[in-house]
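Asks: First, the structure itself, so that you have it in front of you.
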Amino acid sequence: MALTPPRAAGDVHDGYRQKQPTDRLQDNLSQVQRLIERQRLVEDLVHRQDMPKHDLVESLVHKQNLVELEHKLESLHPADIAYILEALPLDDRLLVWDLVDSEDEGEILLEVSDAVRESLIESMEQHELVAAAEQLDADDLADLAPDLPRQVVYEVMGGLDEEERQQLQSALSYEEGQVGALMDYELVKIRPDVSCEVVLRYLRRFDELPSQTDKIFVVDEDGVLKGVLPVRRLLVCDPERLVEEVMATEVVSFHPDEDAADAALAFERYDLVTAPVVDEHGMLVGRLTVDEMVDVIREESETEALNLAGLKEEEDLFAPVIDSVKNRWAWLAINLCTAFVASRVIGAFEGSIEKLVALAALMPIVAGIGGNSGNQTITMIVRALAMGQLQPGQAQRLWRKELGVSVINGLVWGSALGVLAWLLYGNFSLGLVMLAATTLNLMLAASMGVLIPTMMERFGKDPAVGSSVLITACTDSGGFFIFLGLASLFLL
C-alpha cells in the first residue's frame, strides 16, 4: 500500500465542549447578553465616579467583569459562539470577538454568515487573520479565502507544505457552488489486492481517522477509483478475504465541476455520509462529506427564501442602515412601479367606484385571495425547479393542473364571497360579479405562478428571485381590473 496516514481530522472541540441543543443555546445567548449589559453598566458607573487612581480602578473593574464572559465563551463550541455573534449588535459582537480564543477564530469565521464574517474580518489586523487562517485545513481555508485580503492568503499559502498548497490552489480554481470548491482532501485509500487484515492493521496506525469516515476508498496503482469498502463491512468480514472480494463497486461519485446543490440532493436521496470525487480519468481527487452538504442545503433554502422576498443576499441583522438599504432597494423600486400600475387601474374606474361604493370595500378581497393563491403556486414551482423535479416539457401539463385547482377554488370561495356580498349589500348581481372575479383572478394567479418561474429558468435566471413580488403585482393589478371591469360592465 505504501500509504502515509493523514493527520487526524476530527473535531478537536468535541472532547471537551458539547454542542448545545437549541433551548440551551438560547440560554447561553441570554447569559452572554446579561454579562455584556452588566459590563457596560459597571463601566458607565465607574467612569462617572471621581476617585483617586480612577484609571487603575476602571481597568481592574473592566478586567474583572470580562473574565467571567471569557470563561463562558471558553465553554462553548465554535459553532455556538458563531450563533451568538450573529445575534449581537456590532459593538457587543466585537467585544465578544476580542475575548474569543485565537485558536477558535478560524473555525468561527467559517460558521458565521457572510455578512457577519465581513464585519469580523474588518476588525482584525493582518497578523490576526493569518493566525486564524493557519488553524484551518486546506479545504476549509478555500472556503474562507475569498473573504480574506489577498496578502493574507499569500502569507498563509507560504506557510503550507507542498501538498497542502496544491490542495488549496486546486480548491480555489473552482467556482463557488461547485463540488471541487467543497471537497475534502483528507481520506483513507487502500489497494484492492490486500487482505482485510492488512487494512485493519493499516488503520491502527492512525491516531484518529478523518471525520465522517464511513467508507474506505479502493484505488489501483494509478489512483483510479475501483470501489469503496464500508467500515461496517470491514469490521465483520473474514480477515483473510481480499478487499476486491468484499468492496462495493457501485459507487455514487461526483466530478469536481458538478453543481454542489445537485450533489447535496444526491446525498439526501441516497442517505450518504461521504462520497468520492473523481476527475475525468476516474482518478480519486477528494471526497464530499455530509456536513458540507448539510451546509449547502441550508444555504440553498435560505437563499431561496430571501430571493422570493426580493432580497439579493443574506443580511446582517444589525447591519448599518445604508447596507440594508442597498440590499433591499432594487425590488422595492420594482414593487413601487407595480403598485403605481395597480393604482392607475383603480383610477381608470373611479367613476364606477363613485356610483357603487361597495366596490371599494370588496376589491381588496379579490386581489388578496389571488395573491395568496399565486404565492402558493409559485412556491411549489420554484421548489420543484430547485429539486430538479420539473422538466421544461412538463410546464404546460402542470399549468393545466393548476388551472383546474384554481377553477374549483374560485367556484367554492367565490360563491362564499358572493353570498356574503349579497347579504351585506342586498345586491344579487354584485354577488355574481364577486364569484366571477374571484374565479378569474385565481386562474390568472395559477397561470402567472407557473409562467414566471419557468420563463426565468428558461432564460438562465434564478426562478426564486423576486417571484413573489412579481406574482403579487400581477394578481393585484389583474384582480382590480377584472373585478372593476366586470362591475362596470354588468352593474352600472
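Asks: For region 286-295, in order, what is each residue's ³J(HN,Hα) by Karplus, 6.51 cos²θ - 1.76 cosθ + 1.60 with θ = phi - 60°, in whole Hz (x at glycine and Pro)?
Replies: x, 8, 9, 10, 5, 5, 5, 5, 4, 4
Asks: Another question, if that's okay. More than 13 angstrom separation, counting every C-alpha pair in region 152-227; what % is that?
Replies: 76 percent
Asks: Also: Could you check how much of the accessible area of region 185-225 is carbon and sulfur, as a whole percent, using a 1.4 Å probe?
Replies: 40 percent
Asks: Evaluate the charge dipole of region 251-330 about its Cα centre and quote only its size in Debye, nearest 20, assuming +1 on the Cβ of each Lys and Arg and -1 on the Cβ of each Asp and Glu.
Replies: So the dipole magnitude of region 251-330 works out to roughly 160 debye.
Asks: Let me ask another. Provide, for q = 0.16, 0.24 Å⁻¹, the log10 of I(q)/I(0) from a solvent-free Debye sum over equal Cα point scatterers in region 240-338.
Replies: After summing over all Cα pairs, the log10 values are -0.82, -1.20.
Asks: Now, a different point. Quote the Stokes-Einstein diffusion coefficient, in whole µm² s⁻¹, for region 303-439, based on the Kirkwood radius over alpha carbon pairs, a temperature of 37 °C and a viscosity of 0.692 mPa s.
Replies: 181 µm²/s
Asks: Please give the per residue accessible area of the chain, computed with a probe of 1.4 Å over protein heavy atoms only, in Å².
Replies: Each residue of the chain exposes 54 Å² on average to a 1.4 Å probe.
Asks: With the Cα gyration tensor of region 69-136 in hand, give its eigenvalues times 5 under a square root as the equivalent ellipsoid semi-axes, listed largest first in whole angstrom.
Replies: In descending order the semi-axes read 16, 14, 11 Å.
Asks: Residue 323 label point, 7 Å along Cα→Cβ, cut-off 15 Å on backbone N: hits in region 139-178?
Replies: The answer is 147-148, whose backbone nitrogens lie closer than 15 Å to the label point.
Asks: Further question: Under the definition of Cα pairs under 8 Å and six or more residues apart, what whole-number percent is the relative contact order of the chain?
Replies: Relative contact order here is 12 percent.
Asks: Can you tell me which of 362-371, 175-184, 145-154 comes out highest on packing, and rank the rest after it, using the mean Cβ neighbours within 10 Å?
Replies: 362-371, 175-184, 145-154
Asks: Ok, one more. Given just the C-alpha atoms of region 195-283, how large is their convex hull per residue in cubic angstrom?
Replies: It is 109 Å³ per residue.
Asks: Relative to the Cα centre, what is the charge dipole magnitude of the chain, using +1 at the beta carbon of each Lys and Arg, -1 at the beta carbon of each Asp and Glu, and rounding to the nearest 20 debye?
Replies: 3280 debye
Asks: Cα-based count: Lys pairs in the chain below 24 Å, eight or more positions apart or different chains?
Replies: Close lysine pairs found across the chain: 9.
Asks: What ranking do 316-327, 213-224 get when scored by the average of other Cβ atoms within 10 Å per residue, highest first?
Replies: 213-224, 316-327
Asks: How do the peptides 100-109, 344-353, 474-483 rank, highest first, by the average count of neighbouring beta carbon atoms within 10 Å per residue?
Replies: My ranking of the peptides, most packed first, is 474-483, 100-109, 344-353.
Asks: Same structure again: Calculate the spin-label point distance for residue 166 paired with residue 214, positioning each point 7 Å from the Cα along the beta-carbon direction, and give it in nanometres.
Replies: 3.0 nm
Asks: Using 0.36 nm times the number of residues separating residue 396 and residue 30, minus their current alpha carbon distance, what extension gain do you get?
Replies: Answer, rounded to one decimal: 126.6 nm.
Asks: So what is the 222 nm mean residue ellipticity for the chain from helices alone, if each DSSP H run of at least 4 adds -39500 (n - 2.57) and you divide by all residues, rounding to the nearest 500 deg cm²/dmol?
Replies: After summing the helix terms and dividing by the residues of the chain, the value is -20500 deg cm²/dmol.
Asks: Can you figure out the FRET efficiency of residue 102 with residue 427, using R₀ = 45 Å and their beta-carbon distance, to the nearest 0.05?
Replies: That gives a FRET efficiency of 0.05.
Asks: Something else now. Expressed as a fraction of 2.2 N^0.38 Å, the rule-of-thumb size for a compact globular protein of N residues, what is the C-alpha radius of gyration of region 132-261?
Replies: 1.24
Asks: Given a Förster radius of 30 Å and the C-beta distance between residue 74 and residue 271 as r, what FRET efficiency does 1/(1 + (r/R0)^6) yield to the nearest 0.05?
Replies: 0.25
Asks: What's the angle, to the nearest 10 degrees (0 to 90), between helix 358-386's Cα axis and the longest principal axis of the chain?
Replies: Result, in degrees: 30.
The values are calculated or read from the model by the stated rules, or taken from the named source; none is laboratory data. What you are looking at is a predicted structure, and each value in this text was computed from that prediction instead of being measured. Backbone-built Cβ (ideal geometry, glycine too); neighbour counts: all protein chains shown. Remember, those area values only see protein heavy atoms, side chains included, never the ligands or the DNA or RNA. Shrake-Rupley method; radii C 1.70, N 1.55, O 1.52, S 1.80 Å.
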